[in-house]
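Values quoted throughout were computed directly from the atomic coordinates according to the rules given, and no laboratory measurement underlies them. What you see is a predicted model, and the numbers here were worked out from it, not measured in a lab. Cβ sites come from the backbone with ideal geometry, for glycine too, and all protein chains shown count toward neighbours.
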Amino acid sequence: MKKIFILTGEPSGDKLAAQVVKNLNKDNIDLQFLCLGGEHLKRLGINSIKELNDVTYLGFTKVFLNIFKIKKNIKETANQIIKFNPDILFSVDSPDFTLRVAEIVKKMAPKIKTIHFVAPQVWVWREGRVKKIKKFIDHILLLFKFEKQYFEKENVSCKFVGHPLLEKSNEAKIDIGQIIGKNKAIISIFPGSRISEMEVLMPILINFIKLMNFKYQDFLYVFHTTQDLRNNLENILKKSNIDNYDIVSDEKIKGYIIERSIFAITKSGTISLEVSYKKIPSIVIYKINLINFLLVKFLVKVKYVNIINIAADKMIIPELLQSNCNPDSIFQMVSSFMENTKKMSDQTEETQKVLKEFTTKTSPSENVANFLKAHI
């Protein structure tokens, strides 16, 4: 029996990996899986060697304060992978964690094939990483076509497969009135997939909603989160003195609710891409502590944080970052969309043009699954 270890470092990678596994399972190949993953992979019956939240740290400061724990997690994870002795180590995203693990595994067990999905964003910063990655990653699978140039020039084996979030969903049709309130226009809000992100963004978002409620009475704010963070979010919102909100953590209905939204507020990341794919106008918000921000500003070489804006090299989706990520600015920006339907349709039209460059003929997760099958 062939064995695959699936290594993720955060919820978005867990979701991507699960979509790939579903495609692998379609062919009834006799495979044994073990993972470091979250709720998506666990739902497929795959055991995880650690809790995903235990290895996820956001920002330079958090990493610095937990550096010894992080190093311990990396070493323990690598040792457990070597003990499992898979034919393939399939790592997904979170390069600062997954690639460090892969490097140790390759050094200690060179016969294990290392295939990494979701390239580190060398086009944003630290392009020099490519030469190092070449030494311990056998193949790298890319989300975006424009990434190929960075890896091919260093003769790294790479393949454009597309982004699994940009594939048609098989979600069942749902009576949305059974889940959330009727007769309300939905604004979807994504406050982050980490506790540290939520702690920063939620006070800002709550005060934004209070401002909106003075002007508009017909909106329902639906917060999207993971099952692991649902209780944290509920506790924050119960103390907020707002009542026109709902929380969704069930992956089976989240996509359907996004499609029924008139607008979305997202943090930077893959969720912004998914919202754009579903043709929902949006803005991006994000805020980190000052030390992290100054370091990022010094090191990063792109003008935008949103992949749509980066690929287009222009601001299509507004970005409210750092000092601009405040209740008043978010309120003003969202209001400008609510009162101008053309502004909403113009953004959607522009994002669809950019997304054409990200798509493939067959589904991205199927492309990844086929690649794994060909190399096992």
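GNM on the chain, alpha-carbon springs under 10 angstrom: the most fluctuating residue among Glu76, Glu51, Glu339 is Glu339. Around the amide H of Gly9, modelled in the peptide plane, lie the amide H atoms of Asp14, all under 5 Å away and 5 or more residues distant in sequence or on another chain.
Express in nm, to one decimal, how much length is gained between Lys75 and Thr359 on full extension, taking 0.36 nm for each residue of separation and deducting their alpha carbon distance.
98.6 nm
Working from label points 7 Å from Cα in the Cα-to-Cβ sense, the Asn25 to Gln217 distance is 4.8 nm. Near Lys215: Cβ cut-off under 14 Å, other residues only, Lys/Arg at +1 and Asp/Glu at -1. The net charge is -2. Across the stretch 212-221, rounded Karplus estimates of 3J(HN,Hα) from the backbone phi angles (6.51 cos²θ - 1.76 cosθ + 1.60, θ = phi - 60°) give 4, 5, 5, 9, 10, 10, 10, 10, 10, 9 Hz, Gly and Pro being marked x. Taking every DSSP bridge with both residues inside the chain, close to 0 percent are antiparallel. Each residue of the stretch 148-157 is assigned a 3J(HN,Hα), and the resulting list reads 4, 4, 6, 8, 5, 5, 9, 6, 8, 5 Hz, derived from the Karplus form 6.51 cos²θ - 1.76 cosθ + 1.60 (θ = phi - 60°), x at Gly and Pro.
Between 0 and 90 degrees, rounded to the nearest ten: what's the tilt of helix 67-84 against the longest Cα principal axis of the chain? That helix lies at roughly 50 degrees to the long axis. For Cys158, the residues whose modelled amide H falls within less than 5 Å of its own, excluding neighbours fewer than 5 places apart on the same chain, are Ile140.
Summary value for the stretch 190-272: 37 percent relative contact order, contacts being C-alpha pairs under 8 angstrom separated by 6+ residues. Once C-alpha pairs closer than 8 Å and six or more residues apart are averaged by separation and normalised to the residue number of the stretch 176-358, the relative contact order reads 23 percent. Taken along the Cα-to-beta-carbon direction at a fixed 7 Å, the label points for Gln322 and Asn47 span 4.7 nm. Ordering Val156, Val21 by the number of other Cβ atoms within 10 Å of each residue's own Cβ, fewest first, gives Val156, Val21. Charges were assigned to the Cβ only: +1 to each Lys and Arg, -1 to each Asp and Glu. The resulting dipole of the chain about its Cα centre is roughly 1100 debye.
In the chain, taking the dipole from charged Cβ atoms about the Cα centre, the farthest positive-side position among Ala17, Ser276, Leu99 is held by Leu99. Taking amide H as placed 1.01 Å from N in the peptide plane, Ile285 has its amide H under 5 Å from the amide H of Thr266, Lys267, Ser268, Leu320, each at least 5 places away in sequence or on another chain.
Phi angles across the stretch 275-286 convert, under the Karplus curve 6.51 cos²θ - 1.76 cosθ + 1.60 with θ = phi - 60°, into 3J(HN,Hα) values of 4, 5, 4, 7, 6, 9, x, 7, 10, 10, 10, 6 Hz, Gly and Pro given as x. Mean separation of Cα pairs under 8 Å and 6 or more residues apart, divided by the residue count, gives the chain a relative contact order of 16 percent. The ranking of Leu237, Leu41 by Cβ neighbour count inside 10 Å, starting from the fewest, reads Leu237, Leu41. Note on the chain: GNM, Cα springs under 10 Å; of Lys83, Lys252, Lys75, the largest mean-square fluctuation is that of Lys83.
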